[in-house]
Amino acid sequence: MVAILGAGPLGAAIAHKLAERARVREICLIDESAAVAAGKALDIRQSGPVDGYDTRLSATGDVLAAAGADAIVIADRADGSEWDGESGLALVGRLARAGTRAPFVFAGSRQLWLIEAAARELKVPADRLIGTASSALVNAVAALAGVELGHTGVNVSVGGRPPGFVIGWSSATVGGSLVTDRVPAHRLLAISRALPKLWPPGAQAIAAPTALATEALISGSRRLHHAVTVLAGELGVSGVGVMLPLELGRGRVLQRVVPSFSPQEKTELLNSLQDAKH
């Protein structure tokens, strides 16, 4: 079962994406406004016969219903405000004290501090914490590069701390060839400079990678998933959140993969991490 905390636009979008993919058996939409959560769960459930899925959906106002979930997604309240800051930390702490062993998936664009605080103050293991809002920008980068090339299939890594990102153009490929051999450097620079303007992503853009990452945490996956993770010594840094490609499975981050950045790209990434430490 996947518990989604928050029945706002983001929470509902994630619930719908998970339901239509039909890779999890049950989704529980949890919000203090229980009637709103129930209404949105009903809407998604009634779309099942049309869209071809029969995923079970339920709703409740009881936060502790998430304690027994296989994965917990932290999204936005019914009024659209994200679970972040001290209120978000109190929410995660309440679930941690209830004994949950589920991984936490932070889907909001304002939850970077919350991810780091959950590890630092609540001592939630770093391998049970990921953030997926920034994951949407990886697809955006690939799409923009695809426009330059005239076709799809760009494979590129993006790292960094939202909303600052480092794009691994030096190792990006398409059809077996380097993107840098096919797209002029000034056009790649233009994409890099445009990326902060795409932050924060919309609910639907976040929902797709969040659903994929949540499924991977529960069932495993053969692919890597870009998401924010709290470093545990990688790159010589601990306790700082950064987006990297991750291997997910068995309810946790199995491996953090540092992309093959050029020396300049790696320096940009390390500088952003050092700034975060101070």
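Taking a ≥ b ≥ c as the square roots of the Cα gyration tensor eigenvalues, with a/c under 1.5 meaning rounded and otherwise prolate when a/b beats b/c, else oblate, which class fits the range 1-148?
Since a/c reaches 1.5 but b/c is at least a/b, the shape of the range 1-148 is classed as oblate.
When the chain is fully extended, how far beyond the present Cα-Cα distance does Arg120 get from Arg222, taking 0.36 nm per residue of separation?
33.7 nm is the gain from fully extending Arg120 to Arg222.
For a quick check: sort Glu86, Glu26 by the number of other beta carbons within 10 angstrom, fewest at the front.
Glu86, Glu26
Could you give the nm distance between label points at Asp181 and Arg97, where each point is 7 Å from its Cα heading toward the beta carbon?
It works out to 5.9 nm between the two label points.
How would you rank Met1, Met243, going from fewest to most other Cβ atoms within 10 Å of each one's own Cβ?
Listed from fewest to most nearby Cβ atoms, that is Met1, Met243.
Taking the C-alpha atoms of the chain, how large are the radius of gyration and the largest Cα-Cα span, Dmax, in Å?
Answer for the chain, Rg first and Dmax second: 18.6, 55 Å.
Taking H as built 1.01 Å from N, whose amide H comes closer than 5 Å to the amide H of Leu248, not counting residues under 5 places away?
Under 5 Å from the amide H of Leu248 lie the amide H atoms of Ser221, His225, Leu254, each far enough along the sequence or on another chain.
Give me the log10 of I(q) over I(0) for the range 16-57 at q = 0.21, 0.24 Å⁻¹, as the Debye formula computes it from C-alpha points; what are the numbers?
The computed values of log10 I(q)/I(0) come out as -0.59, -0.74.
So what's the net charge close to Thr60: Lys and Arg +1, Asp and Glu -1, counting the other residues with Cβ under 13 Å from its Cβ?
Every neighbour counted, the sum reads -3.
Ranking Phe104, Phe261 by Cβ neighbours within 10 Å, fewest first, what do you get?
The order, fewest Cβ neighbours first, is Phe261, Phe104.
Using alpha carbon centroids, what distance separates the range 232-278 and the range 61-128, in Å?
21
Label points 7 Å out from Cα along the Cβ direction at Gln274 and Ser262: separation in nm?
Distance between label points: 2.0 nm.
Hey, what did the range 2-131 get for relative contact order, percent, Cα under 8 Å, at least 6 apart?
Taking the mean separation of contacting Cα pairs over the length of the range 2-131, I get 26 percent.
Could you tell me which residue out of Val179, Ser135, Gly202 lies farthest along the dipole of the range 125-211 toward its positive end? Charges go on the beta carbon: Lys and Arg +1, Asp and Glu -1, centred on the Cα centre.
Positive-end residue among those listed: Gly202.
Would you mind calculating the relative contact order of the chain from Cα pairs under 8 angstrom and at least 6 residues apart, reporting the percent as a whole number?
Relative contact order of the chain: 18 percent.
In what sequence, highest mean first, do 70-76, 156-162 appear when ranked by Cβ atoms within 10 angstrom?
Descending mean neighbour count gives 70-76, 156-162.
Which far-off residues, 5 or more places away or on another chain, put their amide H under 5 Å from the one on Ser33, with H placed in the peptide plane?
The answer is Ala78.
Give me the net charge for the shell around Thr229: Cβ to Cβ below 10 angstrom, other residues only, Lys and Arg +1, Asp and Glu -1.
-1
Short version: ³J(HN,Hα) in whole Hz for each residue of the range 190-202, in order, from phi by Karplus 6.51 cos²θ - 1.76 cosθ + 1.60 (θ = phi - 60°), x for Gly and Pro, what are they?
With coefficients 6.51, -1.76 and 1.60, one gets 4, 5, 4, 6, 7, 4, x, 6, 8, 9, x, x, x Hz.
No lab work stands behind these numbers, since they all come straight from the coordinates. In this text the structure is predicted, and so the values were computed from the model without any measurement. As a convention, Cβ positions derive from the backbone with ideal geometry for all residues, glycine included, and neighbour counts pool all protein chains shown.
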